[in-house]
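Chemist: What follows is a structure written as structure tokens; I'll ask about it next.
The values are calculated or read from the model by the stated rules, or taken from the named source; none is laboratory data. Everything quoted here is computed from the prediction, not taken from an experiment. For neighbour counting, all protein chains shown are included, and Cβ atoms are generated from backbone atoms with ideal geometry for every residue, glycine included.
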Amino acid sequence: MIQPALPSPAARRALLGPGVLSRTALTLLALGLLTLPVLAGEAPRLALKGDITAERDVITLGDLVAGAPPALAQKALFRAPALGTSGTIQVRRIVEATAGLGLDAPESGGRLQIAVQRAARRIAAPEIEGAVRAALAKVRGLDSGFTSIAFDGEPPVLTVPPDLIAAATAQEVTYDPRSRRVTALVVVGERQASLRVSGQVVEMADVAVLTRSINRGETLSAPDIAVERRPREGLPADIAADAAAFVGQVAQKALGAGTALRAGELGRPDLVARGEAVTIVYETPGVALALRGQARDGGPLGAVIGVINPVSKKVIQATVIGPGRVTVAPIVPVTAMAAPGRLASARP
């Protein structure tokens, strides 16, 4: 069998000439098997970045569009929302703005609008109140630790740019001691942001309060009591702030959690119960007696109660000196003395 002769090298070069190579490349491009490199200097495609947070008063092309030319990236297109608020920009308006700059429409990914949030730092009522109280302490001598301010209307809020990090201070403070009314201008920085506020100065006081509900007859322990700062006006006169003074005392009635403790609602625990067998102690110089008795009444330390003497069956008054123990004071005899005049007349 005769094999076909292979073409000579010169013939093979003729078969792979420039025309053949060009046609082959076009065929591969059509089939998607070959891609051409991006030509140097070709502008990247523009695309929307999506929802944004604006840091300034204006929104630039670079804020909205990825791939924006550096020379146009800082071009202001829209005004940003007010500090701390949000808004939207329709995509068609962005397309119109880019066309006005001679650019192609950016890829939107099917979005119809872009949400814009304006960045801000919010100075809330506690910080504003602190600034006014500090000013009152400086110009009026009021103890800032024991004053509070009830602002008129809604709690004040001062919204400032996020890069304005200065603390709030109060200026132009006016205070009427009789009505306790106060007004002030709260500013941040060199009056870069300001808010005028007014309200009522409230004097505060420390009071001991219950941390849980207490039943009648229940003894208070240290975890049951906390100290809180409350408005002084309207507090009863026998309110106390010494939490330790109430530890070990007994509730004379049921008290709810958060109740400000009053001396009349608590008492010392009874060391002697009614009907309890007690030890009656009788002491005089050189003499100490102890006998058993029965308490007719109950009482705390130092209370004077009636005790039945088991021998004479009489009721005597005794003072509680400890758990199940009472003492009877000795009877001091009184010697009758004659008047000086009678003694003088008796002389011979």
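Chemist: For the range 93-116, which positions are more than 21 Å from Thr53 (Cα to Cα) and in contact (Cβ under 8 Å) with a residue 24 or more places away in the chain?
Modeler: Leu101, Leu103, Asp104, Ala105, listed by residue number.
Chemist: Right, something else. Can you spot a residue in the range 206-216 that is under 23 Å from Arg178 (Cβ atoms) and loosely packed, with under 13 Cβ neighbours inside 10 Å?
Modeler: Scanning the range 206-216, I find no residue that is under 23 Å from Arg178 (Cβ atoms) and loosely packed, with under 13 Cβ neighbours inside 10 Å, so the answer is no.
Chemist: Take the residues in the range 168-193 that are closer than 24 Å to Thr85 by Cβ and exposed (fewer than 13 other Cβ atoms within 10 Å of the Cβ); name whichever of them is modelled with the highest pLDDT.
Modeler: Looking at residues that are closer than 24 Å to Thr85 by Cβ and exposed (fewer than 13 other Cβ atoms within 10 Å of the Cβ), I get Gln192.
Chemist: Next question, about the same structure. Do you know which residues across the range 131-160 are under 22 Å from Val207 (Cα atoms), touching a strand residue (DSSP E or B) at 6+ places or on another chain (Cβ under 6 Å) and among the hydrophobic types (A, V, I, L, M, F, W, C)?
Modeler: Residues satisfying the conditions are Phe146, Ile149, Ala150.
Chemist: Sticking with this one: Where in the range 58-123 are there strands (runs of 3 or more DSSP E), lying wholly inside it, with at least 2 residues that are under 30 Å from Ala168 (Cβ atoms)?
Modeler: Once the strands (runs of 3 or more DSSP E) in the range 58-123 are filtered for at least 2 residues that are under 30 Å from Ala168 (Cβ atoms), what remains is 58-60, 86-90, 113-118, 121-123.
Chemist: Only one residue in Val207, Val201, Val227, Val157 is under 22 Å from the mean Cα position of the chain (by Cα) and within 30 Å of Asp57 (Cα to Cα), so which one is that?
Modeler: Selected residue: Val157, the only one of Val207, Val201, Val227, Val157 that is under 22 Å from the mean Cα position of the chain (by Cα) and within 30 Å of Asp57 (Cα to Cα).
Every residue, every condition in (1) of a type in the set (Ser, Thr, Tyr); (2) buried (at least 16 other Cβ atoms within 10 Å of the Cβ); (3) not assigned by TED's automatic domain parsing to the domain that holds Ala66, yes or no:
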| position | (1), (2), (3) |
| --- | --- |
| Leu101 | no, no, no |
| Ala105 | no, no, no |
| Gly110 | no, no, no |
| Ala115 | no, no, no |
| Gly145 | no, no, yes |
| Ile149 | no, yes, yes |
| Gly153 | no, no, yes |
| Leu158 | no, yes, yes |
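Chemist: So if I check each of Phe146, Phe151, which one is touching a Lys or Arg at 6+ places or on another chain (Cβ under 8 Å) and of a type in the set (Phe, Trp, Tyr)?
Modeler: Just one listed residue meets the conditions, Phe146.
Chemist: Being surrounded by 14 or more Cβ atoms within 10 Å (Cβ to Cβ), free of Cβ contacts under 8 Å to residues at least 40 places away in the same chain and acidic (Asp, Glu) is the filter here, so list the residues in the range 53-74 that pass it.
Modeler: Correct list: Asp63 only.
Chemist: Please pick out the residue among Ala193, Ala119 that is over 30 Å from Gly50 (Cα atoms) and aliphatic (A, V, I, L, M).
Modeler: After applying the criteria, what remains is Ala193.
Chemist: Would you confirm, using the coordinates I've provided, whether Pro236 is touching a strand residue (DSSP E or B) at 6+ places or on another chain (Cβ under 7 Å) and outside any strand (DSSP E or B)?
Modeler: Yes, satisfied.
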